[in-house]
Amino acid sequence: TALIPVLIQRAKFLNRLTWLYAAIGIIGLMVVCLAGRTVNGAKLNLSFGGITIQLSEFIKILFVFFVACMLYRSTERRQIVITSAVAALHVLILVGSRDLGSAGIFLLTYLVMLYVATRQPLYLLGGFAFGAVSVCAANFLFSHVRNRFLAWKDPVAVIDGAGYQVAQSLFAIGTGGWFGSGLYQGMPEKIPVVTSDFVFSAISEELGALFALCLIFLCIGCFLMFFNIALQIKDPFYKLLALGLGCEYGTQVFLTLGGVIKFIPSTGVTLPLISYGGSSLLATMTLFAIVQGLYLLKDEKYYETIER
């Protein structure tokens, strides 16, 4: 993270590696889809000599670079069709791996970037319609997705099965109250996969709703700062890059917290910089470092303009 901002400032070729970003992303996702390790019904990880890596965490950053490169060059219909086809291929491979949380992040990020680049609400509506149809299809095709919808509708009714995780999450949040039960005084181990997907429930139980709200405000602050930096950048490529990375971060936070509090069905994505997982931590630090580089680049160009 010390070197990445320097690379963003110095490297002038980042907007010319369009198809390299796409090729690495598609090949990486295909490898996971074919040879990945299944976790909770989805193929998420690859293991090498005892080290497990979740490639989708890093490919989502390359995906933003690819979309920014394509939309920076042109927003004509032909270019949009090609970009949408490649983006859809990323999403479909993730659906094939049953990694629907990551698929949602990719889809929402692309729709926001496409709308900002073209300013055409029709594209946005069409994308949401595609997403809705995909969710309905996944509900019929995949049993673990169906179970998550059942848990979302009424977790207590299926508490002995699909609803156990969500029900325990809600019990933990309610038990913590405003000020929490105290550090190590709760029972977060009652929640399955608490260290990654449902870490927010453990925080709410032991440290309280006030602490949890502060954590949410901190995430919102980071999200707004990403968008603020995107608004200040004049170069279209870097503007789209900052926007896409900020959207990825915000979408991931929303999907995680929404699933924990039963606002939306659980998607199995991690809370950035909070949840357990080396891939998630490293990818999020990389994302922040890239945005930091864009911020420095923005200031550098500003001072160059003043000097002229």
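The values are calculated or read from the model by the stated rules, or taken from the named source; none is laboratory data. Note that the coordinates shown come from a computational prediction; the quantities given were computed from them, not determined experimentally. Because the Cβ atoms are built from the backbone with ideal geometry, glycine has one as well, and the counts that use them run over all protein chains shown. The protein model used for the area step is the full one, side chains on, heavy atoms only, and it has no ligands, DNA or RNA in it. Shrake-Rupley method; radii C 1.70, N 1.55, O 1.52, S 1.80 Å.
Structural remarks
- Residues considered: L71, L122, L89, L100. Of these, the only one that is closer than 19 Å to L29 by Cβ and surrounded by fewer than 24 Cβ atoms within 10 Å (Cβ to Cβ) is L89.
- Filtered residues of segment 29-69 (kept if in a strand (DSSP E or B) and either on the phi > 0 side of the Ramachandran plot or of a type in the set (S, T, Y) (or both)): T38, S47, T52
- Test: residue in segment 72-81 that is more than 27 Å from I8 (Cβ to Cβ), charged (D, E, K, R), at pLDDT 85 or above and not in a helix (DSSP H, G or I): yes
- Residues being open to solvent by 70 Å² or more (accessible area, probe 1.4 Å), of a type outside the set (S, T, Y) and in a loop (DSSP other than H, G, I, E, B) - total across segment 1-28: 4
- Yes/no for A289 being over 13 Å from the mean Cα position of the chain (by Cα), within 20 Å of C69 (Cβ to Cβ) and either modelled with pLDDT of 90 or more or not small (G, A, S) (or both): yes
- Pairs linking a residue in segment 188-208 that is closer than 16 Å to V269 by Cβ to a residue that is open to solvent by 30 Å² or more (accessible area, probe 1.4 Å) and of a type in the set (F, W, Y), with Cβ atoms under 8 Å and 6 or more positions apart or on different chains, are P192/Y164; T195/Y276; S196/Y276; V199/Y276.
- If you go through segment 150-161 and pick out every residue that is open to solvent by less than 40 Å² (accessible area, probe 1.4 Å) and either at pLDDT below 80 or assigned to a helix (DSSP H, G or I) (or both), you end up with 1.
- For segment 248-268, a tally of residues being open to solvent by 10 Å² or more (accessible area, probe 1.4 Å) and touching a residue at least 60 places away in the same chain (Cβ under 8 Å) returns 9.
- In segment 163-181, the condition of being part of a loop (DSSP other than H, G, I, E, B) and on the phi > 0 side of the Ramachandran plot is met by at least one residue.
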